[in-house]
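Since the structure comes first, as structure tokens, the remarks are kept for the end.
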Amino acid sequence: MAILVIEDDIKTGDYLQKGLTEAGHHVDLARSGVDGLHLAREQHYELLILDVMLPGKDGWQVMEEVRQSSDVPVIFLTARDHVEDRIHGLRLGADDYLVKPFSFTELVLRVQTLLRRGVKHEPSTLKLADLELDPIRRKVTRGGVTISLTNKEFMLLQLLMCRQGEALPRTIIASQVWDMNFDSDTNVVDVAIKRLRAKIDAPFDQKLIRTVRSIGYMLSEQS
């Protein structure tokens with residue numbers, strides 16, 4: 001999915017571009033309202049993430065002009081936290097409003113929610129080979145045998161199964177399962193994967209959890 005981030009703060013802009021790229025999106029970054037509006041008009045995006053306090057044109061102006069020709073989903077991401085600001089942003093046509101400082105995991109979830117609009121929902125039960133995960137009943141079985149997992153192990157497995165066949169960086173796993181900033185120490189991921197392997201893979205001939213060198217992990221039937 002193509003996302004446009006319009007953010008003038010260098011650190012925040014780079015953080016968003018890196019994190020969302022690692023989450024599997026194509027991300028363009030504009031540092032001013034004028035540049036952001038130009039990109040929004042010239043290219044197709046599935047989502048805009050927009051700051052309010054921008055040079056050139058502020059976020060309110062960009063939002064107004066975008067809505068003149070496009071219904072692209074927009075999330076305001078701003079330090080302006082007054083109720084009046086939230087109301088104003090939503091009245092201009094924004095789909096969501098998130099205040100800084102923010103949780104990257106919460107942002108990713110809001111992005112996913114907006115991008116899923118009109119998209120077919122995933123099946124209630126996730127399957128790979130003889131491994132099954134039921135997110136509603138919070139039940140995991142392999143080869144018909146029920147496997148007991150801790151809450152974090154369940155969340156980790158669910159993430160891997162939702163994105164099976166995709167190499168997930170440790171930073172993305174850490175942010176989505178433990179709500180850790182991707183600058184944080186991610187050794188917890190390796191430890192959790194080891195424990196999950198002991199339950200999911202060790203008792204069975206076919207191994208499903210793969211280590212992807214220099215990246216992270218994936219769930220796949222392919223060796």
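A Förster distance of 22 Å, applied to the separation of the beta-carbon atoms of residue 103 and residue 201, puts the FRET efficiency at 0.10. With the cut-off at 1.5 for a/c, could you classify the range 9-63 from its C-alpha gyration tensor as rounded, prolate or oblate? Judged from the Cα gyration tensor, the range 9-63 comes out oblate (a/c at least 1.5, b/c at or above a/b). Relative contact order, whole percent, for the range 34-193 stands at 14, derived from Cα pairs under 8 Å and 6 or more residues apart. The shape of the range 126-219 comes out prolate: with a ≥ b ≥ c from the C-alpha gyration tensor, a/c is at least 1.5 and a/b beats b/c. Against the chain, whose longest principal axis is taken from its Cα atoms, helix 151-162 shows a tilt of about 80°.
In the chain, the longest principal axis of the Cα atoms and the axis of helix 10-22 are about 40 degrees apart.
Between residue 145 and residue 2, the simple spin-label model (points 7 angstrom out along Cα→Cβ) gives 4.9 nm.
When the Cα gyration tensor is reduced to axis lengths a ≥ b ≥ c, the ratio a/c stays below 1.5 for the range 2-115, which is therefore classed as rounded. The calculated FRET efficiency for residue 125 paired with residue 214, based on their beta-carbon distance and R0 = 22 Å, is about 0.10. Taking 12, 171, 105 as the candidate residues, the one with maximal mean-square fluctuation in a Gaussian network model of the chain, Cα springs under 10 Å, is 12. The angle between the Cα long axis of helix 187-200 and the longest principal axis of the Cα atoms of the chain comes to about 40 degrees, rounded to the nearest 10.
A short reminder: the numbers here are calculations on the coordinates, not readings from a lab. Please read these numbers as outputs of a predicted model, since none were measured by experiment. As a convention, Cβ positions derive from the backbone with ideal geometry for all residues, glycine included, and neighbour counts pool all protein chains shown.
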